[in-house]
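Q: Quick one: the structure is below, and I'll ask about it shortly.
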Amino acid sequence: MSLLIKNGRVITATDDYQADILVQGEQIVAIGKELPAGDAQVIDATGLLVMPGGIDPHVHLDMPFMGTFSSDTHETGTRAALHGGTTTVIDFVLQKQGHSLQEALDEWNGRANGTAVGDYSFHMAVTDFNPATKAEIKTMVEQEGITSFKTFMAYKGALMIDDRQMTDLMQEVRQQGGMVTVHATNGDVIDYLVAKHLAEGKTSPLYHYLSQPEVTEAEASARFTDLANYTGCPGYIVHMTCEGALNAVRNATRRNQKVYVETCIQYLLLDASKYEQGFDSAKWVMSPPLREAKDQETLWAGINQGLVNIVATDHCPFMWEQKLMGKDNFAKIPNGHPAIENRMELLFSEGVSKNRISLNKYVEVACTNPAKIFGMFPKKGTISIGSDADIMLFDPKEQHTISAATHHMRVDYSAYEGWPLTGKVKTVLLRGKVAIDKGECLVPKGYGQFIKRNKVSGKI
């Protein structure tokens, strides 16, 4: 089966040109002017931007958390991602206390294999680091193609590891060619503030925000950066939200250290005023919480300075009934918000259309850098001969509005209800097959493939 995309404006992280793209099977085989169609199916991209499919390296699908599960499955979540122009996601496998990494991987494979609609990979969250776990790192990297290992500096007693474990893990991961990623907030300080606020009868979602002040993230980001520098392990900070945390990374550049930074679309667009809406604020209870306008300015600047490398989502949706678990206690509100379907259009509308970032930077932070940093480039994340034909056709001028009534995520509200957008995903190809067209998903449950990833180079 051949496809020919004609008359489009091709945008990559470095290029911007008019060309046709010929797809055979799952890959791009030719790029050029006025390519002959032959017997290929022709897609006319006149007036459209032709860009790589998005890669969201931070999603939580069907994840057990706080006594429930995130509401999007690997089927519904990856399908919604495709509707929004994201063709590949990286989900998080969570090791359970007292259990092995392999057991956790088997559990996640059981949920994802044969159900995912879009392509996916896994990070491995290490929550119980011990000699047996340490011995599994090499297997994960070399046999399973899982090269990134998530750590938590918060959620003490459940997910958090201490600095001794972090140092040992970093040394082993570096030796095996992987990367350590981190939820960088100071769990001890947060636990103290949560207990203090609850003891004072302060139970509303506002106190979720007030229990995680900027200093908790800035301190942990600096500590992680120092440990990565000491061990020589490639490091990556997930969902960065604030000026203080980015300054820790900025300071590390003075000693010639590179730490990768991910922010999420919500931290660029939403702020802490959302926590002034009574219990309705539970829609935006996530960790770290939304911050201030100054932090948004810092993150946008960090993207253009090359300090912030990726814009992800931390997609972790819960139905409103699940959020109500914390109606009398903010600490029991399941943390997370839905965005897997909205990221590409929001980032274009608020970033490119409003002249905050260039088209090339848009592709860089939403598509190419995730592929490079996490060992999938050039198979994923770009438009080039030999790459997977993961392609998004995008109308840069079409105006529309976000609504839970029309989204495809399995959640009964939107964190961006009524948000006006300029720019819309029109057609999406996944490995050479038209996956989304005219708002319809054309690939079945189980079409998504697991992507084994290469060892980490530490360079992009």
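Q: Using R₀ = 35 Å, calculate the FRET efficiency as 1/(1 + (r/R₀)^6) where r is the Cβ-Cβ separation of residue 250 and residue 156; round to 0.05.
A: The computed FRET efficiency comes out at 0.80.
Q: For a label point 7 Å from the Cα of residue 353 along Cα→C-beta, name the residues of the range 378-419 whose backbone N is under 12 Å from it.
A: 395-402, 419
Q: Per residue, how much accessible area does the range 213-317 have with a 1.4 Å probe, in Å²?
A: Each residue of the range 213-317 exposes 31 Å² on average to a 1.4 Å probe.
Q: Taking the alpha carbon gyration tensor of the range 204-319, what are the square roots of 5 times its eigenvalues, largest first, to the nearest whole Å?
A: Those come to 27, 14, 13 Å.
Q: Now a separate question. Which is farthest toward the positive dipole end of the chain among 14, 99, 171, measuring Cα position about the Cα centre, with Cβ charges +1 (Lys, Arg) and -1 (Asp, Glu)?
A: 14
Q: May I pose another question? What's the FRET efficiency of residue 99 with residue 17 using the Cβ-Cβ distance as r and R₀ = 56 Å, to the nearest 0.05?
A: Step by step, r from the Cβ atoms, then E = 0.65.
Q: Express the C-alpha Rg of the range 370-414 as a ratio against the empirical globular expectation 2.2 N^0.38 Å, rounded to two decimals.
A: Computed over Cα atoms of the range 370-414, the ratio equals 1.68.
Q: Then there is this: Give me the dipole magnitude in Debye, nearest 20, for the chain about the Cα centre, with unit charges on the beta carbon: positive for Lys and Arg, negative for Asp and Glu.
A: So the magnitude is around 700 debye.
Q: Another question about this same structure. Starting from 0.36 nm per residue, how many nanometres of slack lie between residue 192 and residue 327 once their C-alpha separation is accounted for?
A: Contour length minus Cα-Cα distance gives 46.5 nm.
Q: Per residue of the range 402-407, in order, report the coupling 6.51 cos²θ - 1.76 cosθ + 1.60 (Karplus, θ = phi - 60°) as ³J(HN,Hα) in whole Hz, putting x for Gly and Pro.
A: 6, 7, 5, 5, 10, 6
Q: Same structure again: Could you state the principal axis extents of the C-alpha atoms in the range 127-214, from the largest down, to the nearest angstrom?
A: If we take the Cα atoms of the range 127-214, the spans are 50, 20, 18 Å.
Q: Using just the Cα positions, wrap the range 1-100 in a convex hull and report its mean projected area in square nanometres, one decimal place.
A: That works out to 9.3 nm².
Q: Across the range 371-460, how many lysine pairs, 8 or more positions apart or on different chains, have C-alpha atoms separated by under 19 Å? Please give the number.
A: Qualifying lysine pairs in the range 371-460: 18.
Q: Run the accessible area of the chain with a 1.4 Å probe and give the carbon-and-sulfur part as a rounded percent.
A: The computed percentage sits at 49.
Q: Let me ask another. At q = 0.25 Å⁻¹, work out log10 I(q)/I(0) for the range 303-377 with the Debye formula, treating every Cα as an identical point scatterer and leaving solvent out; two decimals please.
A: Taken in order of the listed q values, log10 I(q)/I(0) reads -1.08.
Q: Given the chain, report the % of alpha carbon pairs whose separation exceeds 35 Å.
A: Here the tail beyond 35 Å accounts for 26 percent of pairs.
Q: In addition: Taking 0.36 nm per intervening residue step and subtracting the Cα-Cα distance, what contour gain separates residue 320 from residue 143 on full extension?
A: 59.8 nm
Q: In whole angstrom, note down how far apart the Cα centers of the range 387-422 and the range 213-278 are.
A: Using only Cα atoms, the two centres lie 28 Å from each other.
Q: List the lysines whose Cα lies under 21 Å from the Cα of residue 294, skipping any in the same chain that are fewer than 8 positions away.
A: Straight-line reach from residue 294, under 21 Å: 274, 354.
Q: Given points 7 Å out from each Cα along the Cα-Cβ axis, report the residue 280 to residue 403 separation in nanometres with one decimal.
A: Going by the 7 Å Cα→Cβ label model, 1.7 nm.
Q: If the viscosity is 0.890 mPa s and the temperature 25 °C, what translational diffusion coefficient in µm²/s does Stokes-Einstein give for the range 66-147 when Rh comes from Kirkwood over Cα pairs?
A: In µm²/s, the coefficient rounds to 180.
Q: Also: Please give the calculated 222 nm ellipticity per residue for the chain, where each DSSP H segment of at least 4 residues contributes -39500 (n - 2.57) and the sum is spread over every residue; nearest 500 deg cm²/dmol?
A: That comes out to -8000 deg cm²/dmol.
Q: Something else: On a C-alpha basis, how far is the centre of the range 149-185 from the centre of the range 36-103 in Å? Whole number, if you could?
A: Between the Cα centres of the range 149-185 and the range 36-103 lies a distance of 24 Å.
Q: Still on this structure, please answer the following. At 1.4 Å probe size, what's the solvent-accessible area of residue 133? Round to the nearest 10 Å².
A: 0 Å²
Q: Quick one: how many lysine pairs in the range 95-215 have C-alpha atoms under 15 angstrom apart, if they're 8 or more apart or on different chains?
A: 4
Q: When N counts the residues of the range 303-460, how does its alpha-carbon radius of gyration compare numerically with 2.2 N^0.38 Å, as a ratio?
A: 1.15
The values are calculated or read from the model by the stated rules, or taken from the named source; none is laboratory data. Being a predicted model, the structure only gives us computed values, none of them experimental. Every residue, glycine as well, gets a Cβ built from its backbone with ideal geometry; the counts of neighbours run over all protein chains shown. In case anyone asks, the SASA skips ligands and DNA or RNA and just uses the protein heavy atoms, side chains included. Shrake-Rupley method; radii C 1.70, N 1.55, O 1.52, S 1.80 Å.
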